[in-house]
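First the structure, in the form of structure tokens, and then the observations on it.
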Amino acid sequence: MTEMATREGAADESPAAPSQVSGVRIRRSTRSSRLAIAPALIVLAVLAYLPFLFAQDTTNTMVNFFILLVLGMTWNVLAGYAGLVSVGQQAFLGAGAYSVLWLAQQGMDPLAALPVAAVFCGVVAIPVSWLVFRLRGGYFAIGTWAVAEVFALVTIRSSALGGGTGTNLPGLDGYDPVTLGALTYWAALAIAVLTLLGSYLMLRSRVGLALTAVRDDDHAAEGVGVRPAGAKRVVYLLAAIGAGAAGGVLAISQLNVQADNVYGVQWAAYMIFVVLIGGIGTLEGPIIGTIVFFILQQTLASHGAWYLILVGLVAVVMALWSPRGLWGIAERFGVHLFPVGYRVVHPEESQS
């Protein structure tokens, strides 16, 4: 079975590998994904130029948008593809923020500390994964939440890191506010793009195929040679790196780090909301969900508690009406911007 899967994977590396049956072809790309390449590049160019077009308030809002987008994409890969429903990813968000703070206190530029903080979160995730992977289902979810709370309690015991009240982020005095805002925006944009591309390439690899099998049935996947624990651990570490990078950007954008903010459970609620609204198990889903979340936030935030109630109602309605999210509706019409699976193309379809 493993040998057959290897031969099959090698044959599928070509985007249009010919089949031996009646000219049928196997493809990954779709018509919609090919047509979306040019508009996506235009949107990326506009986003990169945004600090020159709008005031700093707009770029600050977009930084928060990219932070939530990164968290949503990493949580979507965890829950939507690996079946790991975590409610404790804020542990690595906080670890990333405090790592940037500590490195800045040692004299490193906070912007240069971002990749170091992200890698540190990946290293921390290794022993954490050995602990939480002993749990299953709801126990895993609660276990990850407990880990986040432990991270927060350990952090606030350090007076050097500001304790429970937090502290300002040093090392940014040499930047004027406009330049710092633009650099923070570009850092957040770069992390969001890298997270999206990294998720896309990973899901198109052998790890992605293993994750799909593991998500559907752990035991069946193991029976055909897949190592569920190894595939899940890879995804968990990559999700920790993404969350750590997002936490570092959050610290720089707010110019201070406070435990209740970066370790707050509201981040888990935001991640779950954007993924469920947009479409779990799709790369496009978190993008759509984050856009919807920020539209609701900017429109309804002035209504106080009613804002949270309305957001919750939207989530409940979507869960009942369209369990696959808003992007699931688009998929019914064959729209796939980031296809990660394989599809059979018949001769008449390939001619269109």
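Throughout, read-outs are computed from the coordinates displayed, never taken from laboratory work. The structure displayed is predicted, hence computed values, not measured ones. No Cβ is skipped: glycine too gets one built from the backbone with ideal geometry, and neighbour counts run over all protein chains shown.
Need the full-extension length gain, ARG34 to ASP173, defined as separation in residues times 0.36 nm minus the C-alpha distance. One decimal, nm.
Numbers: separation 139, 0.36 × 139 = 50.04 nm, distance 4.52 nm.
Extra length available between ARG34 and ASP173 comes to 45.5 nm.
For a test of the definition: using alpha carbon positions, the gyration tensor, and the 1.5 limit on a/c, classify the range 93-184 as rounded, prolate or oblate.
prolate
What are the equivalent ellipsoid semi-axes of the range 53-264, built from the alpha-carbon gyration tensor (square roots of five times its eigenvalues), in whole angstrom, biggest first?
32, 20, 13
Grab the Cα-Cα distance for THR61 and VAL46, subtract it from 0.36 nm times how many residues apart they are, and report the gain in nm with one decimal. Kindly include the intermediate steps, with their values, before the conclusion.
Numbers: separation 15, 0.36 × 15 = 5.40 nm, distance 1.58 nm.
Length gained between THR61 and VAL46: 3.8 nm.
Rounded if a/c is under 1.5, else prolate if a/b is larger than b/c, else oblate: which is the range 153-206, with a ≥ b ≥ c the root eigenvalues of its Cα gyration tensor?
Details: a/c = 4.93, a/b = 1.44, b/c = 3.42.
Oblate shape, in that a/c is at least 1.5 and b/c is the bigger or equal ratio.
Would you work out which of LEU153, PHE66, ASN261 lies farthest towards the positive end of the dipole of the range 53-264? Charges go on Cβ: Lys and Arg +1, Asp and Glu -1.
LEU153
Could you work out the relative contact order of the range 53-264? I mean the mean sequence separation of Cα pairs under 8 Å and 6+ apart, divided by the number of residues, in percent.
Numbers: 318 pairs, mean separation 92.2, N = 212.
Over the range 53-264, the number comes to 43 percent.
Rounded, prolate or oblate: which one fits the range 34-114, using the alpha carbon gyration tensor with axes a ≥ b ≥ c (rounded when a/c is under 1.5, else prolate when a/b beats b/c, else oblate)?
Numbers: a/c = 2.36, a/b = 1.11, b/c = 2.12.
Taking the square roots of the gyration eigenvalues as a ≥ b ≥ c, the range 34-114 is oblate.
Under 5 Å between amide hydrogens, which residues at least 5 positions from THR167 or on another chain qualify, with H placed 1.01 Å from N in the peptide plane?
Amide H neighbours of THR167: VAL257.
Multiply the residue separation of LEU308 and ALA182 by 0.36 nm, subtract the distance between their alpha-carbon atoms, and state the gained length in nm to one decimal.
On the way: separation 126, 0.36 × 126 = 45.36 nm, distance 3.04 nm.
Length difference between fully extended and current span is 42.3 nm.
How high is the FRET efficiency between THR299 and ARG227 when r is their beta carbon distance and R₀ equals 51 Å, given to the nearest 0.05? Write out the running numbers ahead of the final one.
Values: r = 46 Å, r/R0 = 0.91.
Step by step, r from the Cβ atoms, then E = 0.65.
Which of ILE191, MET202, ASN168 sits closest to the plus end of the dipole of the range 102-235, meaning its Cα is farthest towards the positive end, when Lys and Arg get +1 and Asp and Glu get -1 on the C-beta?
Checked the options; the winner is MET202.
Run through all the Cα pairs of the range 221-288 and give the fraction in each 10 Å bin from 0, expressed as whole percent.
Taking every Cα pair in the range 221-288, the percentages come to 17, 35, 33, 12, 3, 0.
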